[in-house]
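Right, one structure below, let's go through it.
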Amino acid sequence: MQAENKALQYLLLQGLKYKIKSMIRDSRKKNISKLNVKPKEKKNSDKKPAKNSSGKNEIYYSFMTVVLILCLIQITISAVLNISKIVSYKAKIVQITNTLEAATDLNEQLKDSINNFSKMDGMEAIARNNLKMSDKDEVLVIINTPKDEDVDEKAEKQGLLERFKNKEKDN
């Protein structure tokens, strides 16, 4: 309890000191404005070095402004370049993932084909369909059906023959 009381007393004293100091400052400002007293002016000799240092400061600040603008331009350019790289890399990632998916699908199909063809039934199916082979007790009958292109070519030939015959009859 005593420590708390001392802390409160200390805070009150600090607050009062601050309040008193601010009141003194305010009263001084009011007195100066009432008296119309101007602050003391500096001598001419003091002004000259200030101008020289202010000229140097202006050059320094101008230079620093130019440097900062160049830095900002560089940061902007690198940000734009980095963003464009990110976009192109994302497009490449999408393309590669699509290629990967297609390759995995093809792998699955090839694995299934290998499994099918490694069995005796699969080999027999290939022999019958692709190689036109038959079993010992079977007879292979092949029925050729004309393709659409063959039918078109025959129709054209017949049309030409008929025209030629018609021309001969007319003559």
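No lab work stands behind these numbers, since they all come straight from the coordinates. Please read these numbers as outputs of a predicted model, since none were measured by experiment. Here the Cβ is made from the backbone with ideal geometry for all residues, glycine too, and neighbour counts use every protein chain on show.
Using the Karplus relation 6.51 cos²θ - 1.76 cosθ + 1.60 with θ = phi - 60°, the per-residue 3J(HN,Hα) values for segment 69-82 come to 5, 4, 5, 5, 5, 4, 5, 5, 4, 5, 5, 5, 5, 5 Hz, with x marking Gly and Pro.
For Ser113 and Ser134, the difference between the fully extended length at 0.36 nm per residue and the C-alpha to C-alpha distance is 5.4 nm. Using a simple spin-label model with pseudo-atoms 7 Å out from Cα toward Cβ, Leu160 and Met23 lie 12.6 nm apart.
Taking the number of Cβ atoms within 10 Å of each Cβ as an exposure proxy, the fewest-first ranking of Ile142, Ile20 is Ile142, Ile20. In this simple spin-label approximation, Leu72 and Thr99 carry label points 7 Å from Cα along the Cα→Cβ vector, and these lie 4.3 nm apart.
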